[in-house]
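These notes concern the structure reproduced below.
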Amino acid sequence: MKFVKVIERLSEAGGMISGLCILLMSGLILLEILVRSVTRASILIAEEYSAYLLVVFGSMALAYTFKSEGHIRVDLILSKLSPRGRSLVNFFCSLIGFLVFLLVSYQTWGQFSGSWTSRETSMYYSKTPLWLPQVFLFLGPLLMALQMLSSVIVQYRSLKRRGEEGSGR
């Protein structure tokens, strides 16, 4: 269960990063409003960096939200199943989710590594290296995949334990 605890801590760290991004984004927008209202000039990076912070917020919040059961679920079918049936459906859905997020991580790794090796920068005034926001497009889904793998492990152990109890071992 050590793996599960490590993943849960990483998910919580992702949640804290997400919260920090919301604060930074709000502060940046507020600063832009204040500077524009006082000097009639722009700080030039507010829109671009707010978008980057939004990307980081969204991707890094995935695993924490899953861990804390904050994602929307439709339990219409699950409510009609037996406890073992619900456990099996949850197990297979988590397994499929793990595979999907592993694929997303693989794809976003390609985007990140391409920007890293080509030293691609943004088209805006700041010329920000694009690998900086793109690394979070990779890390967020990877963390979500690990959180789903953790869920698969916990659910598998639970199913195995129920099976052993049901067979009278």
Query raised in the report: Has region 49-67 got at least one residue that is over 21 Å from S11 (Cβ atoms) and hydrophobic (A, V, I, L, M, F, W, C)?
Result: yes
Query raised in the report: Looking at S158, S59, which is the one that is assigned to a helix (DSSP H, G or I), more than 24 Å from M16 (Cα to Cα) and out of contact with any strand residue (DSSP E or B) (no Cβ under 6 Å at 6 or more places or on another chain)?
Result: S158
Query raised in the report: Applying the selection to region 33-64, what residues are open to solvent by 40 Å² or more (accessible area, probe 1.4 Å) and either under 30 Å from V154 (Cα atoms) or basic (K, R) (or both)?
Result: R36, R40, V55, F57, L62, Y64
Query raised in the report: Quick one: S151 ticks every box in (1) farther than 30 Å from L44 by Cα; (2) open to solvent by 30 Å² or more (accessible area, probe 1.4 Å); (3) small (G, A, S); (4) in contact (Cβ under 8 Å) with a residue 60 or more places away in the chain bar one, so which box is it?
Result: (2)
Query raised in the report: Do we find that L103 is within 30 Å of R86 (Cβ to Cβ), surrounded by fewer than 14 Cβ atoms within 10 Å (Cβ to Cβ) and within 15 Å of the chain's Cα centre (by Cα) in this structure?
Result: yes
Report task. Please give the number of the condition L30 fails out of (1) modelled with pLDDT under 95; (2) exposed (fewer than 15 other Cβ atoms within 10 Å of the Cβ); (3) over 20 Å from the mean Cα position of the chain (by Cα). Result -> (1)
Query raised in the report: Of the residues that make up region 104-124, is at least one farther than 26 Å from E12 by Cα and touching a Phe, Trp or Tyr at 6+ places or on another chain (Cβ under 6 Å)?
Result: yes
Report task. Could you please find all residues in region 68-85 being open to solvent by 50 Å² or more (accessible area, probe 1.4 Å) and either at pLDDT 95 or above or over 18 Å from S150 (Cα atoms) (or both)? Result -> I72, R73, V74, D75, L76, I77, S79, K80, L81, S82, P83, R84
Report task. Take region 2-27 and flag every residue that is in contact (Cβ under 8 Å) with a residue 24 or more places away in the chain and either open to solvent by less than 40 Å² (accessible area, probe 1.4 Å) or not in a helix (DSSP H, G or I) (or both). Result -> V4, I7, S11, G14, G15, S18, C21, M25
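The values are calculated or read from the model by the stated rules, or taken from the named source; none is laboratory data. Just so it is clear, the model here is predicted, and its values are computed rather than measured. Using ideal geometry, Cβ is built from the backbone for each residue, glycine included, and neighbour counts are taken over all protein chains shown. With ligands, DNA and RNA removed, areas are computed over all heavy atoms of the protein, side chains included. Shrake-Rupley method; radii C 1.70, N 1.55, O 1.52, S 1.80 Å.
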